[in-house]
Amino acid sequence: MIKIAPSILSADFAHLGRDIEQIKSADYIHVDVMDGFFVPNISIGIPVVQSIRKITDLPLDVHLMIDRPVRYIEAFAKAGADILTIHVEADKPEEISRALAAIKNAGVSASLSIKPKTSAEALLPWIELLDMVLVMTVEPGFGGQAFMMDQLPKIRMVRKMIDSKNPLCELEVDGGIDCSTGKLAAEDGANVLVAGSAVYGADDIPKRIAELRACAP
Ligand code: DX5
Ligand code: ZN
């Protein structure tokens, strides 16, 4: 069964409580944290995660698009993250190992993400440790971009790696997901679909979440 993780980057931050209530039929709440350095945009951080934690029991899927994420693992874990995703490009390999160990030590699910230009092989040193892999299907930084079709072979390759080395690991895709691109990603092995504009751009948000779930195989 496909899981849907609406990205609140496309929510109305002046009405965030209302916009979180609208996605209560989702599986995860995807929270995009951007530092203006790892990506050319700045979004939200620890106090917002803390506030969201108080108003929902859904798992918080926190996507850290920040440089040297090891510095902030403890703070995001304390704030209430259930899944913490860091980027393999965000630090040296030994610091990525430290950050993933810190996530596990905090009792949080550990996830590693690769940007579109990063190969699937970059995940290999850590694949056995991971609870989730996030394959970016746009350049991270902004919502509303077009899905990059050239990432589909990589999704297939990551699915093969997961099946042979760590079958319980989830495979999430993020960027430009709607019903048609979500179907393609799911056919190639993704089991968690992040969707920002496709969810929050809908007139009937619960209906859109159900549609996204149904369009995948
Ligand atoms: C992009 C973020 C995404 C973004 C997706 O850097 O990681 O989570 O919110 O937005 P859509 O679904 O509009 O591409
Ligand atoms: Zn994201």
Under the condition of being within 16 Å of ligand 2 (Cβ to nearest atom) and small (Gly, Ala, Ser), which residue from the range 1-22 is most open to solvent (accessible area, probe 1.4 Å)?
-> SER10
Of all residues in the range 125-141, which are over 13 Å from the mean Cα position of the chain (by Cα) and under 17 Å from GLY189 (Cα atoms)?
-> ILE127, LEU130
Go through the range 1-27 and give me each residue that's over 24 Å from MET65 (Cα atoms) and out of contact with any helix residue (DSSP H, G or I) (no Cβ under 6 Å at 6 or more places or on another chain).
-> MET1, ARG18, GLU21, LYS24
What do you reckon, is ASP32 of a type outside the set (S, T, N, Q) and in a loop (DSSP other than H, G, I, E, B)?
-> no
List the pairs whose first member sits in the range 97-120 and is farther than 15 Å from VAL70 by Cβ, whose second member is of a type in the set (Lys, Arg), and whose Cβ atoms are under 8 Å apart, counting only residues at least 6 apart or on separate chains?
-> ILE114/LYS154; SER119/LYS154; ALA120/LYS154
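Could you look through the range 35-54, keep only residues that are assigned to a loop (DSSP other than H, G, I, E, B) and touching a helix residue (DSSP H, G or I) at 6+ places or on another chain (Cβ under 7 Å), and pick out the one that is nearest to ligand 2 (Cβ to nearest atom)? Talk me through it step by step, then tell me what you get.
Quick first cut of the range 35-54, residues assigned to a loop (DSSP other than H, G, I, E, B) only: 36-41, 43-45.
In the following step, the residues that additionally are touching a helix residue (DSSP H, G or I) at 6+ places or on another chain (Cβ under 7 Å) were identified as 38, 43.
On the way: PHE38: 12, SER43: 10 Å.
Once the filter is applied, the top-ranked residue is SER43.
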Kindly check whether there is at least one residue in the range 60-78 that is in contact with a Lys or Arg (Cβ under 8 Å, 6 or more places away or on another chain), within 16 Å of ligand 2 (Cβ to nearest atom) and farther than 15 Å from ILE127 by Cα.
-> yes
Within the range 186-202, how many residues are touching a Ser or Thr at 6+ places or on another chain (Cβ under 8 Å) and either open to solvent by less than 10 Å² (accessible area, probe 1.4 Å) or within 6 Å of ligand 1 (Cβ to nearest atom) (or both)?
-> 5
Answer with yes or no whether VAL49 is surrounded by 18 or more Cβ atoms within 10 Å (Cβ to Cβ) and farther than 26 Å from LYS207 by Cα.
-> no
In the range 79-110, what residues are touching a Lys or Arg at 6+ places or on another chain (Cβ under 6 Å) and among the aliphatic types (A, V, I, L, M)?
-> ALA110
So, first residue over 20 Å from LYS115 (Cα atoms) in the range 27-45, second residue open to solvent by 30 Å² or more (accessible area, probe 1.4 Å) and among the basic types (Lys, Arg), Cβ within less than 8 Å, six or more apart or across chains; the pairs are ASP27/LYS3; TYR28/LYS3
Looking at the range 62-90, which of the residues that are touching an Asp or Glu at 6+ places or on another chain (Cβ under 8 Å) and of a type in the set (Asp, Glu) is least open to solvent (accessible area, probe 1.4 Å)?
-> ASP67
Taking the range 134-175 on its own, how many of its residues are more than 13 Å from ligand 2 (Cβ to nearest atom), within 28 Å of SER10 (Cβ to Cβ) and not in a helix (DSSP H, G or I)?
-> 6
Residue satisfying all of: in the range 91-112; under 15 Å from VAL133 (Cα atoms), open to solvent by 40 Å² or more (accessible area, probe 1.4 Å) and of a type in the set (Gly, Ala, Ser); nearest to the chain's Cα centre (by Cα) among these | SER109
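The values are calculated or read from the model by the stated rules, or taken from the named source; none is laboratory data. Note that the structure is a prediction, hence the values are computed from the model and not measured. When we count neighbours, we look across all protein chains shown, and the Cβ atoms used for this are built from the backbone with ideal geometry, even at glycine. Just the protein is used for accessible areas: all its heavy atoms, side chains included, with ligands, DNA and RNA removed. Shrake-Rupley method; radii C 1.70, N 1.55, O 1.52, S 1.80 Å.
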